[in-house]
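Here's the structure, in structure tokens; my notes come after.
The values are calculated or read from the model by the stated rules, or taken from the named source; none is laboratory data. Just so it is clear, the model here is predicted, and its values are computed rather than measured. As a convention, Cβ positions derive from the backbone with ideal geometry for all residues, glycine included, and neighbour counts pool all protein chains shown. Keep in mind that these areas ignore ligands, DNA and RNA; they rest on the heavy atoms of the full protein, side chains included. Shrake-Rupley method; radii C 1.70, N 1.55, O 1.52, S 1.80 Å.
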Amino acid sequence: VFSCLPAVTSPCKILKCNSEFWAATSGSHHLGAEEAPEFCTALRAYAHCTRRTARTCRGDLAYHSAVHGIDDLMVQHNCSKDGPTSQPRLRTLPPGDSQERSDSPEICHYEKSFHKHSAAPNYTHCGLFGDPHLRTFTDTFQTCKVQGAWPLIDNNYLNVQVTNTPVLPGSSATATSKLTIIFKSFQECVDQKVYQAEMDELPAAFVDGSKNGGDKHGANSLKITEKVSGQHIEIQAKYIGTTIVVRQVGRYLTFAVRMPEEVVNAVEDRDSQGLYLCLRGCPANQQIDFQTIRSAQASEGRARRKGPSLPVPPEAFTYETATAKCREKLPVEDLYFQSCVFDLLTTGDVNFMLAAYYAFEDVKMLHSNKDKLHLYERTRVLTPGNTAPTGTHPTLWVALLCLCWLCLL
């Protein structure tokens, strides 16, 4: 499925169509007959939106899912394809309709079903933010390049894939511009659901416009909640004891998850599973080697004092101004603070400070061990020669590393 997803640069705007339809019809699943015309108006507006983007969405799975879903809803609600398409007023859930069902099957609540007669499950955390920086389920902290599409999570219950794109032309600094989460169908709890977010599109619904797990009896054990419109959503998957937080900070996305160890390790064949960044970390040749940065800074520093100045990002943060800016939000000089300084020096974009801040806020909410919130030492040491990215001239890479090194002293 991942290979069929559209490129990150695609102008397809199906996510916007999905979001507008859900915003217009939220709470309308049990409309009375007198309100059906209002739902049909929103549905026709939805269809019109998909037609406008049909040309650019031809190869997008979310687009085709939306088109088929519209046809089905038209039939179910006896809607005419001809009629007004103006968006109706936003609707809200009526009092008492919390989307929570007290009669959901016990198997659709992880803690109740799997641990009824045993100790509470051990929860783990994984997060990705900034340039990007990865905190794995084992609390390993890495800074990686990982340009393009990479799997974050791949187990029996869900898949998560991110796409990272260059922050500046010609730079090895990348950030997350697209996120795809696939929740697999699970017993009587949920149907398969796909969530997609990308730059400037953070929907509060799955790609089919729904906000829960579908038509099954335990559907509400999976649901999306919008915390801040266009900036912060939370997905609760109670049937697997999992919470996912997705944010848009500036132009880019951040990801954080809390998941039981039992679910983390639920794979058919772990040895042949392949890459899974949240569990195994970034490949060695995709990690930034800070030992090499040290030696490069030492050798190039002397040449820099004698030669021309190095190119700098647009905002031209110095080490002093970057650390001062990061201290505004991150007073403890841990790896989140260091990541903030590193990102300001490499990108010049102050939003990366906020990305580090919110990443740590998510750790405080999601991590089960409050003694491990702060990390101070990198837990992976690489051998020399793993940092030069394919296709990048070594001199340019060394120059970038020299520019960033001061933040790590």
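Where in the stretch 1-114 are there helices (runs of 4 or more DSSP H), lying wholly inside it, with at least 1 residues that are outside the structural domain of residue 203 (by the TED database) and either at pLDDT 50 or above or more than 15 Å from residue 209 (Cβ to Cβ) (or both)?
On the way: elements: 14-25, 36-52, 61-76, 110-114.
Correct list: 14-25, 36-52, 61-76.
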Scan of the stretch 222-231 for residues that are of a type in the set (S, T, N, Q) and in a loop (DSSP other than H, G, I, E, B), ordered by number: 229, 231
Residues of the stretch 38-67 that turn out to be crowded, with 19+ Cβ neighbours inside 10 Å, of a type in the set (Ser, Thr, Tyr) and under 16 Å from residue 205 (Cβ atoms), as a count: 3
Condition met for residue 336 (in a helix (DSSP H, G or I) and either open to solvent by 60 Å² or more (accessible area, probe 1.4 Å) or modelled with pLDDT under 90 (or both)): no
Which numbered condition residue 208 fails, given (1) open to solvent by 50 Å² or more (accessible area, probe 1.4 Å); (2) outside any loop (DSSP other than H, G, I, E, B): (2)
Of the criteria (1) among the hydrophobic types (A, V, I, L, M, F, W, C); (2) open to solvent by less than 20 Å² (accessible area, probe 1.4 Å); (3) more than 15 Å from the chain's Cα centre (by Cα), which one residue 267 fails: (2)
Residues being under 18 Å from residue 191 (Cβ atoms) and either among the aromatic types (Phe, Trp, Tyr) or open to solvent by less than 50 Å² (accessible area, probe 1.4 Å) (or both) - total across the stretch 68-80: 3
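For the stretch 232-240, state whether one or more residues are in contact with a strand residue (DSSP E or B) (Cβ under 7 Å, 6 or more places away or on another chain), open to solvent by less than 10 Å² (accessible area, probe 1.4 Å), part of a loop (DSSP other than H, G, I, E, B) and of a type in the set (Gly, Ala, Ser). Spell out how you get there, then give the answer.
Within the stretch 232-240, the first condition is being in contact with a strand residue (DSSP E or B) (Cβ under 7 Å, 6 or more places away or on another chain), and the residues that meet it are 232-237, 239.
Keeping just the survivors that are open to solvent by less than 10 Å² (accessible area, probe 1.4 Å) gives 233, 235, 237, 239.
Next cut, part of a loop (DSSP other than H, G, I, E, B) only: none.
For the stretch 232-240, residues in contact with a strand residue (DSSP E or B) (Cβ under 7 Å, 6 or more places away or on another chain), open to solvent by less than 10 Å² (accessible area, probe 1.4 Å), part of a loop (DSSP other than H, G, I, E, B) and of a type in the set (Gly, Ala, Ser): absent.
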Pairs, first in contact (Cβ under 8 Å) with a residue 40 or more places away in the chain and outside the structural domain of residue 334 (by the TED database) in the stretch 136-158, second open to solvent by 40 Å² or more (accessible area, probe 1.4 Å) and outside any loop (DSSP other than H, G, I, E, B), C-beta under 7 Å, six or more apart: none
